[in-house]
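Q: Quick one: structure below, then a few questions.
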Amino acid sequence: MPFRIGQAITGPDFERETRQWPVERFTALCDAIMGVMSCWNGRPSFTSRINVPDDGVDAALEIRPDEILAPVPFIVPGWNVFQYKKRDVLVRGNKVIVAELFKEDKKHPGKTLRGAAACVERRTGRPVDNDLLFLNIDLPPAQKEKLREAILTDSSPPHRIQVQVVGAAELAGFLNDHPHLRSAWFEVSYFKCWDQADRDHRHKKFRPQVDLTGREDLLNRVRALIEDPEIRAVILTGPHDIGKTRLALEATAHRPQDVVVAAAPRSLSPLDYRAPFRL
């Protein structure tokens, strides 16, 4: 469907546009949302994610009470377990997807959500404090509750585990609250998230293993300017292909969730912000 730059998206929009994404891209988007909404004392890192039998991704994050400076959506102090499930609702249908995630499959443990929290506790040998499920489909309250029940199956006692199910509507709402992320992930003809811009620039200009050398002082200066709350704009000038884009990317590498790159800034005009375009 046509989108305008700055146009809000809905749950059905999110469901439709992400249905053919690889699960890794959906996972990265969810992590970006959590990163930009979090208020950390430092930057806690997720454990290595693994692809799991039900075509999803799992991750975990341990948070000490002193690491959270303010209430953070989704995250609680303790052992947080994340599950990311990306589905094509136009192929399978909402009710079919929920039924498949809810059912028990003894022949293929781990392929559904049934008993997921207890399974993680058995595998890791530690209690789960918060089980968070991200889905790219729009879910009514009854279906969310059904999935919560499935995740808590076999947990003892189940009430000690907090289970949160975040669907397309919630994710769309969070993106509308942070339009720079929405632009980077959904207005891809004009904008890129930092990770994608860095990959594309490295692939185009040089091999990935090449480091930025001889510009440490300049890099530190630009990074300090970016971190200064009194400075609203930093302009890099110089001849073509001297390394301005690389320097800008390196200077913002520590804040990937905060950075959106205009994919072709010279091609943008006021009309681009008025006319609808297709993703």
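The values are calculated or read from the model by the stated rules, or taken from the named source; none is laboratory data. The model shown is predicted, which means the values in this text are computed figures rather than measured ones. Every residue, glycine among them, receives a Cβ derived from its backbone with ideal geometry; neighbour counts consider all protein chains shown.
Q: Give me the pairs, please: first residue somewhere in the range 13-31 and basic (Lys, Arg), second residue anywhere and modelled with pLDDT under 90 and in a helix (DSSP H, G or I), beta-carbon distance under 9 Å, and either six or more positions apart or on two chains.
A: Arg16/Val89; Arg16/Leu90; Arg19/Val89; Arg19/Leu90; Arg19/Val91; Arg25/Trp185
Q: For the range 1-48, name all the residues that are under 20 Å from Pro256 (Cα atoms), hydroxyl-bearing (Ser, Thr, Tyr) and at pLDDT 85 or above.
A: Passing the criteria: only Thr27.
Q: Hey, any hits in the range 138-146 for a residue that's within 30 Å of Pro65 (Cβ to Cβ) and surrounded by fewer than 16 Cβ atoms within 10 Å (Cβ to Cβ)?
A: Looking through the range 138-146, at least one residue is within 30 Å of Pro65 (Cβ to Cβ) and surrounded by fewer than 16 Cβ atoms within 10 Å (Cβ to Cβ).
Q: Now, a different point. How many residues does the range 226-241 hold that are charged (D, E, K, R) and either in contact with a Phe, Trp or Tyr (Cβ under 7 Å, 6 or more places away or on another chain) or not in a loop (DSSP other than H, G, I, E, B) (or both)?
A: First, pick out the residues of the range 226-241 that are charged (D, E, K, R): 227-228, 230, 232, 241.
Next, only the ones that are either in contact with a Phe, Trp or Tyr (Cβ under 7 Å, 6 or more places away or on another chain) or not in a loop (DSSP other than H, G, I, E, B) (or both) stay: 227.
Number of matching residues: 1.
Q: Continuing with the same structure: Output the qualifying pairs, or none if there are none: Cβ atoms under 7 angstrom, residues six or more apart or on different chains, first residue in the range 154-165 and touching a residue at least 60 places away in the same chain (Cβ under 8 Å), second residue surrounded by 19 or more Cβ atoms within 10 Å (Cβ to Cβ) and aromatic (Phe, Trp, Tyr).
A: Going by the 7 Å Cβ cut-off, the qualifying pairs are Gln164/Phe74.
Q: Report every pair of residues separated by at least 6 positions or lying on different chains whose Cβ atoms are under 9 Å apart, first residue within the range 178-197 and under 14 Å from Phe26 (Cα atoms), second of a type outside the set (A, V, I, L, M) and surrounded by fewer than 17 Cβ atoms within 10 Å (Cβ to Cβ).
A: Arg182/Gly6; Arg182/Gln7; Arg182/Asn176; Trp185/Arg25
Q: If you don't mind, there's one more thing I want to ask. Could you list, in sequence order, the residues of the range 19-40 that are more than 21 Å from Pro65 (Cα to Cα) and over 12 Å from the mean Cα position of the chain (by Cα)?
A: The answer is Arg19, Gln20, Trp21, Pro22.
Q: Before we move on, is Glu187 of a type in the set (D, E, K, R), surrounded by 17 or more Cβ atoms within 10 Å (Cβ to Cβ) and within 30 Å of Arg246 (Cβ to Cβ)?
A: Criteria met by Glu187.
Q: From the list Arg223, Arg182, which one is assigned to a helix (DSSP H, G or I), modelled with pLDDT of 80 or more and touching a His at 6+ places or on another chain (Cβ under 8 Å)?
A: Arg223
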